[in-house]
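Q: One structure follows; several queries about it will come next.
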Amino acid sequence: MTDLLYFLDIFGVIVFALSGALMAGRYQLDPFGVVVLAAVTAIGGGTIRDVILGTTVFWVASPIYLYIILTTALLTIALIRRPKRIPKRFLLLADAFGLALFAVLGTAKAIKLGAPVSVAIVMGTITGVAGGMIRDVLCNVIPMILRQEIYALAAMLGGILFVFLSYFGFSENVATISAVSGALTLRLAAIYWQVSLPAFQIIDKEGNSE
Amino acid sequence: MTDLLYFLDIFGVIVFALSGALMAGRYQLDPFGVVVLAAVTAIGGGTIRDVILGTTVFWVASPIYLYIILTTALLTIALIRRPKRIPKRFLLLADAFGLALFAVLGTAKAIKLGAPVSVAIVMGTITGVAGGMIRDVLCNVIPMILRQEIYALAAMLGGILFVFLSYFGFSENVATISAVSGALTLRLAAIYWQVSLPAFQIIDKEGNSE
Amino acid sequence: MTDLLYFLDIFGVIVFALSGALMAGRYQLDPFGVVVLAAVTAIGGGTIRDVILGTTVFWVASPIYLYIILTTALLTIALIRRPKRIPKRFLLLADAFGLALFAVLGTAKAIKLGAPVSVAIVMGTITGVAGGMIRDVLCNVIPMILRQEIYALAAMLGGILFVFLSYFGFSENVATISAVSGALTLRLAAIYWQVSLPAFQIIDKEGNSE
C-alpha cells in the first residue's frame, strides 16, 4: 500500500469511528458504549470483507487501528460536550466520507487478492456500508442504506470507477482519488439536494402512494 | 454437484432474492436498496455457513450468483409495479421455498466437507434461516424464526431427512428432493393452517397468558 | 485446556444458553425458537472470535457444545413453566456470568493463538458481548452493551486482568479465576447498585439533559 492509500485508510477509520461515536452521543451511551459503537462502525465492514475473502482480518494484522479508534472515541467524548447539539448533517458527512473511502479501498484490496471484478465491487460495497449498517441496527434504527437516499449506489459507483480507471492504466493513487471523489460527490449531492431514486412503488395520479 | 442440485441451488437463490426484493417493496426502498436487500437475503445464509466451515464462500468462487440476484431484483422492480398489492402470503411462500431448499443443500454441503452430522444439520439450518433473519433485522422486524410459526423446525427437519435418507443409501438427488419436499410441506402446512407449536409459557384456565 | 478451564467454558455456554432461553420465554417463542435463541446467545460470540482469528470454529471442532445447548434449552422449557414470572434480575445474572467467563476465556484463546495483547482483549470482549448482542438485536431490543450500564467495561477488565496476571507469572487457572471474579464483581456491582458511568452528554445545572 502506498503512503497515500495508507493515509486514506486511516482517515476512513477515523471518520467512521467519529460517526459511530456521534451516534452514541445521541443515544447517551456511557464511554465504553461509545468506544464499542465507534469500533463496530469503523472496522465492521472491513472485517466482513476480510472474513469473506478468507484473508487475515486487517486489524488483527495491524492492531494500530484499534488504538486509532480508541483515541478517536475518547477525543470525541472529551471535545464534544453536547453531542445532541451536533447537527445531524455532521454525522451524515462523516458517514459519507467513510462510505466513499472504504468502498474504493475495499474494491482495491479485493482485486489485489485476486477476486473477480464483480466480487471486488460487492466487497467494496460491503466494506463501505456494513459498518454503518451494524451501527444503525445496534441502535435500533433502519439502516441508511435502506432509506430513500442514494447510498449503496454511491458505494458501487466508487468501486466501478476504480475498476474502470485501473483498467485504462491510471496509477493506483489517481484511480483511488478519482473514484473516492466521484462516490463522495454523488453521496454529498444526494444529501445536499435530498435527491433520491424513485422508490420501488407507483405513485398514482393524485400523488398518493399505494 | 449434479445438474439437478445446481438447478435447485440457483432456484433457491432466485426465490430468496425475490423475497428480499418484495420486502424492500413494502418499505419503499430505492432500486439499490432493493438489490442490497435481495442480495443479503439470498446469500446471507450460505455466506455464514461457508465462513464458519472455513471454505471458500460460494459466491466468491462463482460470481454468477451475483448476476442472478441483480437480474432477479431488477426484474422484480420492472414487473411488479405495485409491491404493496402483492399479498403477504406470496412473500411467505417465496421464503418457505428458499428455507426448505437451502436447509437441505446447506446440510449436504457441510457433510461433503466432512462435518459431523450434528454440525451439518446446524449448518443447514443456518443456511436456510440466516438470510431471512438478516433481511428482517435490517427492516427492523422481529425475524420470522422468532415468531410463533413452525420455521426453524422445518429447516431442521429438512436436514435430518437428508441425513437419514443418505444414510439408508438413497441417491443424493432422491434424498435432496424428498428432504426438500418434507421441509416445504411442513412449512406450508404451518402457514396454511396457521399451525404453531405451543409457546414457551402457560395459558391459565381462563385462557389468559401470563 | 485444563479440566478447570474446560468446565468453566461449558458452564459459560450453559448460562448464556439459559439467558437466551429465558429471553425467548419473555417473547413467547415456540420451542424451536427457544433453541435457536439459546444457541445464538451461547455460541455467537465465540463463533465470531474464531472466524476473525481464522481458526476452526469451536463448535464445529467439538459438536458436544450443540448438545449442551439443546439440553439446556429443553430443560429450561420443561422446568420453567412461567417464564414471564422469572424476575428480570435472573436473566441479568445469567448474562453477567456468561459475559465474565467468555471475556476471559476468549482473551486466553486469542493469546494462545498468537494474537497481540490489544487484539486479544478485543477478542475477549467480542466473545463476551457478541452473543448477547445478537440475542437482543433479534428480539428488537437495544443491546445491553449500549445502554447505561457497566457492561463492555466489565468484559475488557476481565481480559486486561487475565493478561496482567499471566504476565506476572500466575498459572493459567489462577489468572482465569481471578480475572473472571474481577469482571463478574464489577458487573454484578453495576447491576446491584445500578452504578453506571456518566453518559456522553452534559447535564446542565438544573439537572436537565440536553
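Q: Which numbered condition in (1) surrounded by fewer than 23 Cβ atoms within 10 Å (Cβ to Cβ); (2) within 14 Å of another protein chain (Cβ to nearest Cβ); (3) over 15 Å from A:PHE102 (Cβ atoms) is the only one that A:GLY169 fails?
A: A:GLY169 satisfies every listed condition except (2).
Q: Among the residues of segment B:133-170, what is the count of those that are in contact with a Ser or Thr (Cβ under 8 Å, 6 or more places away or on another chain), closer than 17 Å to B:LEU92 by Cα and free of Cβ contacts under 8 Å to residues at least 40 places away in the same chain?
A: Of all residues in segment B:133-170, those in contact with a Ser or Thr (Cβ under 8 Å, 6 or more places away or on another chain) come to B:134-135, B:148-150, B:152, B:155-156, B:158-159, B:161-163, B:165, B:170.
Still in the list and also closer than 17 Å to B:LEU92 by Cα: B:134-135, B:148-150, B:152, B:155.
Those still in the list that are free of Cβ contacts under 8 Å to residues at least 40 places away in the same chain too: B:152.
Within segment B:133-170, residues that are in contact with a Ser or Thr (Cβ under 8 Å, 6 or more places away or on another chain), closer than 17 Å to B:LEU92 by Cα and free of Cβ contacts under 8 Å to residues at least 40 places away in the same chain number 1.
Q: Conditions first: (1) in a helix (DSSP H, G or I); (2) modelled with pLDDT of 85 or more. C:THR56 passes all but one, so which condition is the exception?
A: So C:THR56 meets the others, but not (1).
Rundown of residues vs (1) within 14 Å of another protein chain (Cβ to nearest Cβ); (2) more than 23 Å from C:ALA39 (Cα to Cα), yes/no style:
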site: C:VAL122; (1), (2): yes, no
site: C:ASP136; (1), (2): yes, no
site: C:ASN140; (1), (2): yes, no
site: C:TYR151; (1), (2): yes, no
site: C:ILE160; (1), (2): yes, yes
site: C:THR176; (1), (2): no, yes
site: C:ALA189; (1), (2): no, yes
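Q: What are the residues in segment A:7-30 that are under 16 Å from A:LEU66 (Cβ atoms) and either of a type in the set (Gly, Ala, Ser) or surrounded by fewer than 24 Cβ atoms within 10 Å (Cβ to Cβ) (or both), if any? Let's see the steps before the verdict.
A: Here is the first cut: in segment A:7-30, the residues under 16 Å from A:LEU66 (Cβ atoms) are A:9-10, A:12-14, A:16-18, A:20-21.
Passing the criteria: A:ASP9, A:ILE10, A:GLY12, A:ILE14, A:ALA17, A:GLY20, A:ALA21.
Q: From the list A:ALA78, A:ALA61, A:ALA110, A:ALA94, which residue is in contact with a Ser or Thr (Cβ under 8 Å, 6 or more places away or on another chain) and of a type in the set (A, V, I, L, M)?
A: On the way: A:ALA78 fails: in contact with a Ser or Thr (Cβ under 8 Å, 6 or more places away or on another chain); A:ALA61 fails: in contact with a Ser or Thr (Cβ under 8 Å, 6 or more places away or on another chain); A:ALA110 fails: in contact with a Ser or Thr (Cβ under 8 Å, 6 or more places away or on another chain).
Exactly one residue qualifies, and that residue is A:ALA94.
Q: Considering only segment B:34-44, I want to know if a residue exists there that is touching a strand residue (DSSP E or B) at 6+ places or on another chain (Cβ under 9 Å) and within 8 Å of chain A (Cβ to nearest Cβ). Talk me through it step by step, then tell me what you get.
A: Initially, segment B:34-44 is screened for residues touching a strand residue (DSSP E or B) at 6+ places or on another chain (Cβ under 9 Å), giving none.
The answer is no, given that none of the residues of segment B:34-44 is touching a strand residue (DSSP E or B) at 6+ places or on another chain (Cβ under 9 Å) and within 8 Å of chain A (Cβ to nearest Cβ).
Q: Still on this structure, I have one more. For A:THR127, only one of the following conditions fails: (1) of a type in the set (Ser, Thr, Tyr); (2) touching a residue at least 40 places away in the same chain (Cβ under 8 Å); (3) within 13 Å of chain B (Cβ to nearest Cβ). What is its number?
A: Condition (3) is where A:THR127 drops out.
Q: Right, next: Determine which single condition A:ALA103 fails, assuming it passes every other condition in (1) small (Gly, Ala, Ser); (2) modelled with pLDDT under 95; (3) buried (at least 24 other Cβ atoms within 10 Å of the Cβ).
A: (2)
Q: Report, by residue number, each residue of segment C:48-69 that is in contact (Cβ under 8 Å) with a residue 24 or more places away in the chain and within 7 Å of chain B (Cβ to nearest Cβ).
A: C:LEU66
Q: Step by step: first the residues of segment B:78-93, then only those that are in contact (Cβ under 8 Å) with a residue 40 or more places away in the chain and surrounded by fewer than 22 Cβ atoms within 10 Å (Cβ to Cβ), then the one that is farthest from A:VAL117 (Cα to Cα). Which residue is that? First the steps, then the outcome.
A: Applying the first criterion (in contact (Cβ under 8 Å) with a residue 40 or more places away in the chain) to segment B:78-93 yields B:80, B:83-84, B:86, B:89-93.
With surrounded by fewer than 22 Cβ atoms within 10 Å (Cβ to Cβ) added as a condition, the list becomes B:80, B:84, B:86, B:89-93.
Details: B:ILE80: 30, B:LYS84: 35, B:ILE86: 35, B:ARG89: 37, B:PHE90: 34, B:LEU91: 32, B:LEU92: 34, B:LEU93: 34 Å.
Among them, the one singled out is B:ARG89.
Q: When residues of segment C:1-26 are filtered for being in a helix (DSSP H, G or I), over 12 Å from the mean Cα position of the chain (by Cα) and not hydroxyl-bearing (Ser, Thr, Tyr), how many remain? Explain how you work it out, then say what you get.
A: Step one: of segment C:1-26, the residues in a helix (DSSP H, G or I) are C:3-26.
Cutting the leftovers down to over 12 Å from the mean Cα position of the chain (by Cα) gives us C:3-8, C:10, C:21-26.
From the residues that got through so far, the ones that are not hydroxyl-bearing (Ser, Thr, Tyr) too are C:3-5, C:7-8, C:10, C:21-26.
Residues flagged as in a helix (DSSP H, G or I), over 12 Å from the mean Cα position of the chain (by Cα) and not hydroxyl-bearing (Ser, Thr, Tyr) within segment C:1-26 amount to 12.
Q: To continue, here is another question. Criterion first (within 21 Å of B:VAL174 (Cβ to Cβ) and buried (at least 24 other Cβ atoms within 10 Å of the Cβ)) does B:ILE121 satisfy it?
A: Yes, satisfied.
Q: Quick check, is A:THR55 over 19 Å from the mean Cα position of the chain (by Cα) and farther than 20 Å from A:GLY158 by Cβ? Break it down stepwise before answering.
A: Numbers: over 19 Å from the mean Cα position of the chain (by Cα): yes; farther than 20 Å from A:GLY158 by Cβ: yes.
It is true that A:THR55 is over 19 Å from the mean Cα position of the chain (by Cα) and farther than 20 Å from A:GLY158 by Cβ.
Q: Give just the number: which of (1) part of a loop (DSSP other than H, G, I, E, B); (2) facing chain B (nearest Cβ under 8 Å); (3) in contact with a Leu (Cβ under 9 Å, 6 or more places away or on another chain); (4) at pLDDT 90 or above does C:LEU29 not satisfy?
A: With respect to (1) part of a loop (DSSP other than H, G, I, E, B); (2) facing chain B (nearest Cβ under 8 Å); (3) in contact with a Leu (Cβ under 9 Å, 6 or more places away or on another chain); (4) at pLDDT 90 or above, C:LEU29 is out only on (4).
Table: residues versus (1) over 26 Å from B:VAL141 (Cβ atoms); (2) in contact with a strand residue (DSSP E or B) (Cβ under 9 Å, 6 or more places away or on another chain); (3) not polar (S, T, N, Q).
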position: C:GLY128; (1), (2), (3): yes, no, yes
position: C:ASP136; (1), (2), (3): no, no, yes
position: C:MET156; (1), (2), (3): yes, no, yes
position: C:SER171; (1), (2), (3): yes, no, no
position: C:VAL174; (1), (2), (3): yes, no, yes
position: C:SER181; (1), (2), (3): yes, no, no
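Q: Still on this structure: Scan segment C:178-187 residue by residue and report those that are surrounded by fewer than 23 Cβ atoms within 10 Å (Cβ to Cβ) and away from every other protein chain (no Cβ under 13 Å).
A: To start, the set of residues in segment C:178-187 that are surrounded by fewer than 23 Cβ atoms within 10 Å (Cβ to Cβ) comprises C:178, C:181-182, C:184-186.
Of everything in segment C:178-187, those that are surrounded by fewer than 23 Cβ atoms within 10 Å (Cβ to Cβ) and away from every other protein chain (no Cβ under 13 Å) turn out to be C:SER178, C:SER181, C:GLY182, C:LEU184, C:THR185.
Q: Then there is this: As an exercise: evaluate C:ALA115 against (1) in contact (Cβ under 8 Å) with a residue 24 or more places away in the chain; (2) facing another protein chain (nearest Cβ under 10 Å); (3) crowded, with 22+ Cβ neighbours inside 10 Å and give the number of the one condition it does not meet.
A: Looking at each condition in turn, C:ALA115 falls short on (3).
The values are calculated or read from the model by the stated rules, or taken from the named source; none is laboratory data. These numbers were taken from a predicted model, which means no experiment stands behind them. Reconstructed Cβ throughout: ideal geometry from the backbone, glycine too, with neighbour counts over all protein chains shown.
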